[in-house]
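The values are calculated or read from the model by the stated rules, or taken from the named source; none is laboratory data. Nothing here was measured: the structure is a model prediction, and the numbers come from that model. Note that each Cβ is placed from the backbone with ideal geometry, even for glycine, and that neighbours are counted across all protein chains shown.
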Amino acid sequence: MKAAPEAQARLLDIQKVDTQILSLNNERKNLPELAQLAQAKVEWNALGAATIANNTKISDTEIEVDKAEKDLNPVRQRLEKNQKRIDDGSLGSKELNAMIDEVENLKRRVATLEDEQLEVMERLESLNAERDKLAKQRAEMQSAIKALLARKDELVGVLDKKLAAAQAERVELTAAFPSDLLALYERIRDRAGGIGVGKLEGKRCSGCQLDQSPQAMDHYNSAPKDEVVRCESCDRILIR
Ligand SMILES: [Zn+2]
């Protein structure tokens with residue numbers, strides 16, 4: 001391929017701006033804030049699931065608390081009524097004995113039900129404490145995510161500005177540029193890790209950083225200036 005030496009030399013400027021664009025795109029894609037946001041989303045979802053589970057347990061336990069009270073009321077009322085009959089002295093001795101036995105039974109029953117009620121109320125109390133803790137965690141997380149999003153947007157904004165400037169510079173550099181040379185450079189660049197052109201610095205190709213053999217050097221030096229030569233080590237376009 002033939003190309004004016006000035007066009008060939010300009011490839012090094014195009015390479016420079018392409019390297020910059022590549023690096024800016026990588027930076028944009030790999031912002032630590034993006035990984036942090038993804039992690040925060042996982043934690044936020046887990047927190048949401050924990051909140052729903054906690055709410056369900058609270059509703060169920062509130063029903064248990066109501067039921068414990070409802071179970072207790074008739075037993076207490078009956079105990080009170082029986083105790084009154086014992087106290088008013090209206091019962092015969094046989095009836096009185098039976099009534100005293102029943103009262104003892106009712107007292108034991110009340111004690112058992114009260115223990116159960118206490119247990120369920122304690123459970124409700126700890127579920128409510130967990131609910132408050134989850135609400136606090138959600139609020140904290142929400143403001144952390146908000147700050148993270150703002151930081152991410154700010155960084156992306158800065159990178160986008162740099163990218164736009166680099167792309168504008170590339171448009172300028174490639175305007176009125178030989179399209180076959182540009183296509184060759186881009187093809188090599190895309191298959192060779194983002195670098196399509198090297199400069200011969202002494203005996204070394206800046207594309208692959210390898211010293212060139214005397215035979216290769218002879219070839220580079222003897223080729224006409226408008227001949228597009230390729231590095232014999234890495235096959236990139238070589239600017240002499
Ligand atoms: Zn090379």
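Here are some notes:
- Condition check for Tyr220: in contact with a helix residue (DSSP H, G or I) (Cβ under 8 Å, 6 or more places away or on another chain), in contact (Cβ under 8 Å) with a residue 12 or more places away in the chain and among the aromatic types (Phe, Trp, Tyr): no
Every residue, every condition in (1) crowded, with 16+ Cβ neighbours inside 10 Å; (2) not assigned by TED's automatic domain parsing to the domain that holds Thr51, yes or no:
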residue: Glu104; (1), (2): no, no
residue: Thr112; (1), (2): no, no
residue: Gln117; (1), (2): yes, no
residue: Val120; (1), (2): yes, no
residue: Ser126; (1), (2): no, no
residue: Ala135; (1), (2): no, no
residue: Glu172; (1), (2): no, yes
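- Filter result (without any contact (Cβ under 8 Å) to a residue 12 or more places away in the chain and charged (D, E, K, R)) within segment 185-208: Glu186, Arg187, Asp190, Arg191, Glu201, Arg204
- Those residues of segment 5-57 which are surrounded by fewer than 16 Cβ atoms within 10 Å (Cβ to Cβ), over 26 Å from the mean Cα position of the chain (by Cα) and of a type in the set (Val, Ile, Thr), in sequence order: Thr19, Thr56
- Looking across segment 142-154 at every residue that is of a type in the set (A, V, I, L, M, F, W, C) and crowded, with 16+ Cβ neighbours inside 10 Å, the one that is nearest to Leu12 (Cα to Cα) is identified as Leu148.
- Within segment 179-194, restricting attention to residues that are crowded, with 18+ Cβ neighbours inside 10 Å and touching a helix residue (DSSP H, G or I) at 6+ places or on another chain (Cβ under 9 Å), the residue that is nearest to Ile237 (Cα to Cα) is Tyr185.
- Residue in segment 183-240 that is nearest to Leu12 (Cα to Cα), counting only those that are of a type in the set (S, T, N, Q) and within 14 Å of the ligand (Cβ to nearest atom): Ser206
Listed here are the residues, each with its yes/no results for (1) farther than 30 Å from Val42 by Cα; (2) assigned to a helix (DSSP H, G or I); (3) charged (D, E, K, R).
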| position | (1), (2), (3) |
| --- | --- |
| Ile100 | yes, yes, no |
| Glu116 | yes, yes, yes |
| Asn128 | no, yes, no |
| Ala150 | no, yes, no |
| Glu169 | yes, yes, yes |
| Leu173 | yes, yes, no |
| Tyr185 | yes, yes, no |
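- In segment 165-182, the residues that are more than 11 Å from Leu11 (Cα to Cα), of a type outside the set (Val, Ile, Thr) and within 42 Å of the chain's Cα centre (by Cα): Ala165, Ala166, Gln167, Ala168, Glu169, Glu172, Ala175
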